[in-house]
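Single-structure report; data block below.
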Amino acid sequence: MRMVDLIQKKRDGHELSTEEICFVVDGYTKDQIPDYQVSAFAMAVFFQDMTERERADLTMAMVHSGDTIDLSAIEGVKVDKHSTGGVGDTTTLVLAPLVASLDIPVAKMSGRGLGHTGGTTDKLEAIPGFHVELTSEDFVGLVNKNKLAVVGQSGNLTPADKKLYALRDVTATVESIPLIASSIMSKKIAAGSDAIVLDVKTGAGAFMKTVEDAEELARAMVGIGNRVGRKTMAVISDMSQPLGFAIGNALEVKEAIETLQGKGPKDLEELCLALGRQMVYLAGKAESLDEAEELLKEAIRSGKALEKFKVFVASQGGDPSIVDHPEKLPQAAYQIEVNADADGFVASITADEIGRAAMLLGAGRATKDSLIDLAVGIMLNRKVGDAVQAGEPLATIHSNSEDVADVVELIRANIQIRDHAEAPVLVYAEIT
Ligand code: URA
Ligand code: CA
């Protein structure tokens with residue numbers, strides 16, 4: 001087989017065989033095919049697309065390019081959740097204990113990552129004593145005992161995707177549905193779960209700016225998952241404004257606890273239920289999505305979900321008394337309000353720019369070696385559609401530096417007040 005022939009075949013709009021796709025992925029992983037040929041291949045895929053079969057083959061070839069996690073020692077159907085990424089997305093911190101409290105195993109491998117705030121691992125490390133360094137035996141043992149554990153990323157998962165994603169980044173081939181879908185799904189499948197629930201975000205703070213694009217990506221990923229034997233469902237959700245009120249690591253832990261107590265932000269609760277009901281249904285614990293949702297609501301009402309959070313925190317070295325004493329979480333030295341300069345209704349809170357403001361405060365990493373400050377971030381006092389009067393707070397900055405003039409400016413420039421505004425739709429569609 002010659003790479004040049006495969007590039008030409010794809011360029012001319014033909015379907016590649018399983019063997020041909022494996023040849024490309026294996027050869028690239030082993031440095032036998034150079035970047036320039038794979039760049040040309042990615043561009044051909046960008047213009048010619050891939051069939052569902054080709055997408056599944058590309059995904060599985062990337063899965064087999066490195067290590068895979070074996071969760072077979074964990075009893076029950078393991079369901080994982082993945083978000084395409086947003087601002088102030090606190091859902092994992094709520095969903096993991098909530099779903100686990102229904103006796104569904106949640107075996108979460110989580111990274112730190114770059115972004116507006118830290119990843120789930122960083123957020124959890126805002127809890128004094130909490131750690132994610134577990135041996136695989138301890139990880140499996142904890143999930144079997146408590147139904148929930150979070151472990152730091154280890155092993156060499158999907159090296160082909162790492163290489164290809166980096167190449168796409170510099171060759172204008174990131175925005176391709178088959179390439180994005182196979183990239184995300186390869187990582188989820190290598191992580192070992194039996195079933196996968198996807199939260200595909202749309203809007204200013206999302207990778208997919210329009211609902212149509214988000215839906216196309218969701219369908220592509222659901223198609224791949226089901227084809228390779230992992231039951232997969234998806235939700236399309238709004239990321240035009242940040243999710244919930246909190247954007248920041250310790251601030252989001254507090255927000256997650258409040259949501260588990262049934263007094264969290266309405267949008268965060270609604271999205272957790274929308275994703276959670278798919279997780280519970282795929283785990284086989286309910287006959288219908290509506291029945292699954294009732295089970296989740298009852299787990300919040302009864303306090304079972306909150307209790308699970310405490311057990312989980314304690315089991316990984318954390319101090320569970322933060323649930324009743326959130327002031328024990330890292331606190332920022334200064335709280336500075338950003339006030340409205342006119343009466344009206346909040347018409348937009350541009351998610352990506354507010355995320356950038358949180359990162360400027362130190363809540364997220366700009367590069368993989370940056371240090372993050374777990375205490376800092378932004379609390380929104382208003383959401384889109386809320387009424388506000390001049391002088392009332394729109395947002396409160398939690399900072400460890402007094403000089404936040406640039407952050408105040410950035411927030412002010414990205415919260416618009418108009419005479420009329422309504423809250424946006426939160427969940428656009430469910431792909432089942
Ligand atoms: N996120 C991924 O993991 N892969 C892509 O290709 C795009 C976004
Ligand atoms: Ca939030």
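The values are calculated or read from the model by the stated rules, or taken from the named source; none is laboratory data. Note that this is a predicted model, so its numbers are computed, not measured. Neighbour counts run over all protein chains shown; Cβ positions are idealised from the backbone, glycine included. The area values use the complete protein model at the heavy-atom level, side chains included, leaving out ligands, DNA and RNA. Shrake-Rupley method; radii C 1.70, N 1.55, O 1.52, S 1.80 Å.
Taken over region 72-92, the criterion of being open to solvent by 10 Å² or more (accessible area, probe 1.4 Å) and farther than 23 Å from E252 by Cα is satisfied by S72, A73, E75, G76, V77, K78.
Evaluation of F245 against the conditions (1) open to solvent by less than 20 Å² (accessible area, probe 1.4 Å); (2) within 16 Å of ligand 2 (Cβ to nearest atom) shows that the sole unmet condition is (1). Any chance region 218-233 includes a residue that's in contact with a strand residue (DSSP E or B) (Cβ under 9 Å, 6 or more places away or on another chain) and either within 16 Å of ligand 2 (Cβ to nearest atom) or among the acidic types (D, E) (or both)? No, there is no match, as no residue in region 218-233 is in contact with a strand residue (DSSP E or B) (Cβ under 9 Å, 6 or more places away or on another chain) and either within 16 Å of ligand 2 (Cβ to nearest atom) or among the acidic types (D, E) (or both).
Set side by side, the residues D290, D267 differ, and just one is surrounded by 15 or more Cβ atoms within 10 Å (Cβ to Cβ), assigned to a helix (DSSP H, G or I) and of a type in the set (D, E), which is D267. Entry remark, region 248-263: residues being out of contact with any strand residue (DSSP E or B) (no Cβ under 8 Å at 6 or more places or on another chain), touching a residue at least 24 places away in the same chain (Cβ under 8 Å) and either open to solvent by 10 Å² or more (accessible area, probe 1.4 Å) or hydrophobic (A, V, I, L, M, F, W, C) (or both) number 6 in total.
For the subset of region 411-432 comprising residues that are open to solvent by less than 70 Å² (accessible area, probe 1.4 Å) and over 19 Å from the mean Cα position of the chain (by Cα), which member is farthest from E337 (Cα to Cα)? Here the answer is P424.
Of all residues being under 16 Å from K78 (Cβ atoms) and out of contact with any strand residue (DSSP E or B) (no Cβ under 7 Å at 6 or more places or on another chain) in region 129-158, which is modelled with the lowest pLDDT? Just the residue, please. Only one residue fits best here, namely S136.
Here S186 does not qualify as more than 16 Å from the chain's Cα centre (by Cα) and either more than 30 Å from K304 (Cα to Cα) or free of Cβ contacts under 8 Å to residues at least 12 places away in the same chain (or both).
Can you tell which of A358, A366 is open to solvent by 40 Å² or more (accessible area, probe 1.4 Å) and under 28 Å from K209 (Cβ atoms)? If you could, list the steps in order and put the result at the bottom.
On the way: A358 fails: open to solvent by 40 Å² or more (accessible area, probe 1.4 Å).
The unique qualifying residue is A366.
Of all residues assigned to region 216-234, none qualifies as being more than 16 Å from ligand 1 (Cβ to nearest atom) and among the acidic types (D, E).
With region 1-55 as the region, which helices (runs of 4 or more DSSP H) entirely inside it contain at least 2 residues that are out of contact with any strand residue (DSSP E or B) (no Cβ under 8 Å at 6 or more places or on another chain) and within 17 Å of Y165 (Cβ to Cβ)? Give the steps one after another, and end with the answer.
Numbers: elements: 3-11, 18-29, 35-48.
Answer list for region 1-55: 18-29, 35-48.
Among the residues making up region 200-229, those that are more than 18 Å from L179 (Cβ to Cβ), in contact with a helix residue (DSSP H, G or I) (Cβ under 6 Å, 6 or more places away or on another chain) and open to solvent by 10 Å² or more (accessible area, probe 1.4 Å) are A204, G205.
Do we have V313 as in a helix (DSSP H, G or I), in contact (Cβ under 8 Å) with a residue 12 or more places away in the chain and touching a strand residue (DSSP E or B) at 6+ places or on another chain (Cβ under 9 Å) here?
The answer is no for V313.
Annotation: M62 fulfils all but one of (1) without any contact (Cβ under 8 Å) to a residue 40 or more places away in the chain; (2) open to solvent by less than 10 Å² (accessible area, probe 1.4 Å); the unmet one is (1). Could you check region 170-197 and list, in sequence order, the residues that are more than 9 Å from ligand 1 (Cβ to nearest atom), open to solvent by less than 10 Å² (accessible area, probe 1.4 Å) and hydrophobic (A, V, I, L, M, F, W, C)? The answer is M185, I189, A190, A195, I196, V197.
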